[in-house]
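Remarks on the structure that follows.
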Amino acid sequence: MAESANLYMFRSAKSEDLRGFSRSSQGAGLPAKFAPWTGFGVVREDQAPPHGLPRQAIEDGIKANGYQLWRRKSKSSPVASNTRS
């Protein structure tokens, strides 16, 4: 099965400002310790990710970890991270 070029966006119910990207529309691979995850958007292959987040960094994080996390520090300054535990 071919991997989707879409990036699916999720928010964590356990950490108010934590968001995640996954290749899976169901959020497969997102860290269980921050579940449940709720999907809230999709970035198509021809679209730029929100808040100026670099698509290549998101793609690299998903390739390495199966997901890419980002945290909203404020309404205007998201921070990308690959926190693993």
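Just one residue in the set 69, 30 is touching a residue at least 40 places away in the same chain (Cβ under 8 Å) and of a type outside the set (Asp, Glu); that residue is 69.
A quick yes/no check of all residues on (1) part of a strand (DSSP E or B); (2) loosely packed, with under 15 Cβ neighbours inside 10 Å:
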site	(1), (2)
16	no, yes
21	yes, no
25	no, yes
33	no, yes
42	yes, yes
56	no, yes
60	no, yes
63	no, yes
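Taking the range 1-14 as the range and being in a loop (DSSP other than H, G, I, E, B) and either within 14 Å of residue 68 (Cα to Cα) or hydroxyl-bearing (Ser, Thr, Tyr) (or both) as the test, the residues that pass are 4, 6. The residue that is modelled with the lowest pLDDT, counting only those in the range 65-84 that are in a loop (DSSP other than H, G, I, E, B) and surrounded by 11 or more Cβ atoms within 10 Å (Cβ to Cβ), is 83.
The values are calculated or read from the model by the stated rules, or taken from the named source; none is laboratory data. Only a predicted model underlies this, so the values are computations on that prediction, with no experimental measurement involved. Positions of Cβ are backbone-derived with ideal geometry, glycine not excepted, and every protein chain shown enters the neighbour counts.
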